[in-house]
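The values are calculated or read from the model by the stated rules, or taken from the named source; none is laboratory data. Quick caveat: nothing in here was measured; it's all calculated off a predicted structure. Neighbour counts are summed over all protein chains in view; Cβ atoms, including those assigned to glycine, are modelled from backbone coordinates with ideal geometry. For accessibility, only protein heavy atoms count, side chains too; no ligands or nucleic acids. Shrake-Rupley method; radii C 1.70, N 1.55, O 1.52, S 1.80 Å.
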Amino acid sequence: MLVPLIIGLNIVSLYFSNQSFMDKPVVGFSKLSKSKKIDWIVATYFDDRASAEQIIKQYWNSDEKLQQLHDEFIENTITNYYLPLGVAPNFVINDRPYTIPMAIEESSVVAAASKAAKYWAERGGFTAEVVSTTKIGQVHFMYQGSKDSLKRFFEILKPRLFSETASITQGMQRRGGGILDIQLVDKTEALENYYQLHATFETLDAMGANFINSCLEQFAKTLKDQALRFDGFSDSEKHIEVVMSILSNFVPNCLVRAEVRCKVEELSDNDIPDARHFAEKFVQAVRIAQIEPFRAVTHNKGIMNGIDAVVLATGNDFRAVEAGIHAYAAKSGAYTSLTHAEIENGIFRFWIEIPLAVGTVGGLTSLHPLVKLSLEMLGKPTAKELMKIIAVAGLAQNFAALKSLTTTGIQEGHMKMHLLNMLNQLNATNDEKAKMTEHFKSHAISHHAVESALNDLRMKA
Ligand code: MEV
């Protein structure tokens, strides 16, 4: 009896110590082994511990090296979180064919991108150009004293900011990039005593976050050290307080443009019997998104369906891209559409302009096997080429959404793509799925309709 009693007490004490987690935080969690972390999670949060543990472990990769690679991407990894990686073929960008990899969970996105790609391939394809590639970083600091003294100090400081970052920048500079310029910016009208070192960078094929942040932290150090030694400052002026040094994810000068155009009459297809009417309605839909923020947010969300999926598949930082693009959409002071459309001299033109700071070297790009695969599928693009591909994916997605919205409505296509999800929720077998897919080719899809058609099928079996 003693052994089961001891085990029982251990479980009870673990259980009670975990209960008290609500009052006091768990200590040293990150130092636990992966299996101990799972034990703790499972014991703390799950009634059916065996099933929770089984689900966590079901997603482990049987290749231990590959699993370890994923474990080491972040802290406290307990398992892998899968998203489907789909492909949208038939894109033509600047006369070159592409199949675009997309990592996304939303049922209709890849299908919509593929449809738009094929539609525009038959009408000359997409064109895209990179407008600019400059990135930004800032050292935010507080200074109380004479503005003229600070300006004089900055003139002396500036060459040192370059020379003291030479060891960080030499590799990038050899390849043609580096620090482009550093400015002293007076922000004291907006916030008392607040100034910036505002620096611009060219990071070539790297997204450049680590490069920029390393330069900025060195700038901050040089700024503080040199201020202490500057004779032109009074004793109190010498003590500059650096608040923080960080890149900006707002990159309005790292800009890409993508476009489609054709004669209005060439827009016709099965869903578009009247090309002129379609073109006019489409342009109105874009204009609505330009002046109505409630619509603009949904309009741009559809664009981000395409953009995020490619950004994720190529191992880039979709949170940075999202933040930068939405800030750009609001740059006039009102949140507005990222795309534009017009009809001029019988030509329909539809285009997008977005800031995009992405990389094709560094970060996950050489580590994650699926990212490497995605980049190879895209012909190992430079960062500039990837900017064009991503902008095109966003434009294609918006075209597909607006084409559906202004013609058939989106639910028909969405529900068709969602049918398999609903059938999976209802635990349909493969045979049932095939029969239901056939059935719903000629019936309207809703959750209720799918449930009752599946019930009928099961009753008949
Ligand atoms: C759904 O994910 C995206 C759409 O709502 C975009 C739009 O309305 O333009 C279809």
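Considering the conditions (1) free of Cβ contacts under 8 Å to residues at least 40 places away in the same chain; (2) more than 30 Å from THR200 (Cβ to Cβ); (3) away from the ligand (no atom under 16 Å from the Cβ), PHE294 is excluded by exactly one of them, (3).
Reported count of residues in region 345-361, each being open to solvent by less than 40 Å² (accessible area, probe 1.4 Å) and either of a type in the set (Ser, Thr, Tyr) or not in a strand (DSSP E or B) (or both), is 6. Whether a residue is β-branched (Val, Ile, Thr), under 30 Å from the mean Cα position of the chain (by Cα) and within 16 Å of the ligand (Cβ to nearest atom) was assessed, and ILE246 does not pass this test.
Listed here are the residues, each with its yes/no results for (1) open to solvent by less than 30 Å² (accessible area, probe 1.4 Å); (2) over 21 Å from LEU378 (Cβ atoms); (3) touching a residue at least 40 places away in the same chain (Cβ under 8 Å).
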site: ILE55; (1), (2), (3): no, yes, no
site: GLU64; (1), (2), (3): no, yes, no
site: GLU75; (1), (2), (3): no, yes, yes
site: ILE93; (1), (2), (3): yes, no, yes
site: SER108; (1), (2), (3): yes, yes, yes
site: ALA117; (1), (2), (3): yes, no, yes
site: GLU129; (1), (2), (3): no, no, yes
site: HIS140; (1), (2), (3): yes, yes, yes
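If you go through region 362-381 one residue at a time, how many are within 19 Å of the chain's Cα centre (by Cα) and open to solvent by 50 Å² or more (accessible area, probe 1.4 Å)? Of the residues in region 362-381, 8 are within 19 Å of the chain's Cα centre (by Cα) and open to solvent by 50 Å² or more (accessible area, probe 1.4 Å).
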